[in-house]
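The values are calculated or read from the model by the stated rules, or taken from the named source; none is laboratory data. From a predicted model like this one, the values you see are computed outputs, not experimental measurements. A quick note on method: Cβ atoms are made from the backbone with ideal geometry, for glycine too, and the neighbour counts reach across all protein chains shown.
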């Protein structure tokens, strides 16, 4: 399970061993993230094209967002009576791994006929700066601190709710994400005296809150699928928001071959980036 590109990286794809039976599916290795694949990229027909919502303000990015795969992980999924529960956990990511033990993502989805709703969450914490230590003279008789060690920690938590409904040839999808990124200073102080003690304190030194929303409409007309979708990323207390819009169509030539044409716009403040795309997709 250990690799030199552990935790989360788009360059690492699925590689796993597992078991599947009536009791569910158990997998170990480089795995899909429940947060990413519950709603998320499964709601975006333009994913992996220049028109996609992720990276353009319509879906979350970064660790345990809409780009992520999980290395050194164990996952379990079970489905019954229209309810699917899915969790992935990293028991240990040592060595050159990017993450730390205790990282997880989980999701719960309920689907009945043409309607589904879901909730998902992810957590990641890791040391982002090496510990720095200040040593003092051994003055244990007076109770003066013997040493103080400070480590800077990054902590990321995300939650997501959403759903989809099929109304004949029309499919409507939507989701809302809440992302919280924190920077903590973990200070450990050892004091002397007749009974030496060690005390650890977490001090919040930075916090960023982000809200990401997405809505999409797909209309199927014979072998064509018309698509229009929009999204927004808003960072709390930031001056500008990022707005995303895309529209286009897929034409299905066969089960494995389709053509794509569409346009995309992503705007943050006065800065706008756009794309137009025409392509052929072949699924092997």
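Looking at the stretch 51-68, can you tell me whether even one residue there is touching a residue at least 12 places away in the same chain (Cβ under 8 Å), under 30 Å from residue 243 (Cα atoms) and over 16 Å from the mean Cα position of the chain (by Cα)? So far as the stretch 51-68 goes, yes, one or more of its residues are touching a residue at least 12 places away in the same chain (Cβ under 8 Å), under 30 Å from residue 243 (Cα atoms) and over 16 Å from the mean Cα position of the chain (by Cα). Screening the stretch 31-90 for residues that are touching a helix residue (DSSP H, G or I) at 6+ places or on another chain (Cβ under 6 Å) and assigned to a loop (DSSP other than H, G, I, E, B) and picking the one that is nearest to residue 273 (Cα to Cα) gives 47.
Among 199, 220, which is modelled with pLDDT under 90, more than 26 Å from residue 120 (Cβ to Cβ) and over 23 Å from the mean Cα position of the chain (by Cα)?
On the way: 220 fails: modelled with pLDDT under 90.
On inspection, the qualifying residue turns out to be 199.
For the stretch 217-249, a tally of residues being over 22 Å from residue 280 (Cα atoms) and touching a strand residue (DSSP E or B) at 6+ places or on another chain (Cβ under 6 Å) returns 12.
Whether any residue in the stretch 253-261 is touching a residue at least 12 places away in the same chain (Cβ under 8 Å), assigned to a strand (DSSP E or B) and within 23 Å of the chain's Cα centre (by Cα) is what I want to check. No, that holds for no residue. Checking each residue in the stretch 210-237 for being surrounded by 14 or more Cβ atoms within 10 Å (Cβ to Cβ) and under 23 Å from residue 153 (Cα atoms) picks out 210, 211, 235.
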